[in-house]
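One structure is given below, encoded as structure tokens.
The values are calculated or read from the model by the stated rules, or taken from the named source; none is laboratory data. Everything quoted here is computed from the prediction, not taken from an experiment. Glycine gets a Cβ as well: all are built from the backbone with ideal geometry, and neighbour counts include every protein chain shown. Heavy atoms of the whole protein, side chains included, go into the accessibility calculation; ligands, DNA and RNA do not. Shrake-Rupley method; radii C 1.70, N 1.55, O 1.52, S 1.80 Å.
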Amino acid sequence: MESASRQVNDAAFESYGVSHKGCVRDHNEDNYLLEPQIGLWVVADGMGGHEAGEVASASIVEHLATVGIASSAPDLRARFEDRLSRAHAEIRRISKSRGATIGSTVAALLAMDGRFACLWSGDSRVYLVRKSVISQISRDHTEVQELLDSGMISEAEAQTWPRRNVITRAIGVSDEIDIDFQQGEILAGDIFVLSTDGLTAHVSDAEIAAAVVSAAPQAACENLLATVLARGGTDNVTIVLVKIRDRGNGGLDLSRAESRGQ
């Protein structure tokens, strides 16, 4: 199958996801997950070649699909981290059995009780579009981002840096799992965009914002995918859009995950 798409909605969220192998690759190593009923959305971009990347990203999605209904926002994050740790361990076992390093990026959105949490490892991204203004919530774990942060190269140089696609973190690659985290308040009308780097290699942040504010999630995803393919689609591309219909109540803190697994 060249592409796959899925729409899942509930009272609070309108969600749509699409994934495509692109114009150059012979198969798709990306995977994604839509679970609005529990407040979880994920994209994962596998790496390792010979379909090993697909195995890694699928492991992440399959484990996270078992999170289940959480009792609180900290419980949701604890469940997420537990399942991601299980996927990490499974990918490590597969790597060892094959005698080769495989892994996957992950970018996830958790939403519950009027709050969101973004967790990620690698260069898959989470954006927030609020009142038509886009901001990147995640921060790329890449060699080029480290050089930018240190002031060793400029933004212009980063665009053509020969090692700009080298990532510095991924699930399953190192002995220990290493993810970053940001959280904030949800507002009605917010739109979250989760994507693998197959989107951002061809479409600017401003173009992403324009696409998602001008159409419903399904149409916006399909329009963005069409743009990527029209521009050459040099990588697999996965896009997940989440539009907030209802902020919900409360304001539980996702920064303090409960230690118990489920």
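Of the listed requirements (1) under 21 Å from A201 (Cβ atoms); (2) in a helix (DSSP H, G or I), R92 misses just one: (1).
Suppose we keep only residues that are under 25 Å from G103 (Cβ atoms), hydrophobic (A, V, I, L, M, F, W, C) and under 15 Å from the mean Cα position of the chain (by Cα) within region 120-151. Which one would you say is surrounded by the fewest Cβ atoms within 10 Å (Cβ to Cβ)? If we take residues in region 120-151 being under 25 Å from G103 (Cβ atoms), hydrophobic (A, V, I, L, M, F, W, C) and under 15 Å from the mean Cα position of the chain (by Cα), then I137 is surrounded by the fewest Cβ atoms within 10 Å (Cβ to Cβ). Just one residue in the set R83, R115 is without any contact (Cβ under 8 Å) to a residue 60 or more places away in the chain and either out of contact with any strand residue (DSSP E or B) (no Cβ under 6 Å at 6 or more places or on another chain) or of a type outside the set (A, V, I, L, M) (or both); that residue is R83.
Report whether or not R6 is at pLDDT below 95, outside any loop (DSSP other than H, G, I, E, B) and in contact with a Phe, Trp or Tyr (Cβ under 9 Å, 6 or more places away or on another chain). Taking the combined requirement at face value, the residue satisfies it. Among the residues making up region 124-144, those that are part of a loop (DSSP other than H, G, I, E, B) and basic (K, R) are K131, R139.
Within region 200-219, the set of residues being touching a residue at least 40 places away in the same chain (Cβ under 8 Å) and closer than 15 Å to V18 by Cα comprises T200, I208, V212, A216, P217, Q218.
Only residues that are open to solvent by 40 Å² or more (accessible area, probe 1.4 Å) and touching a Ser or Thr at 6+ places or on another chain (Cβ under 6 Å) were counted in region 57-110, giving 2.
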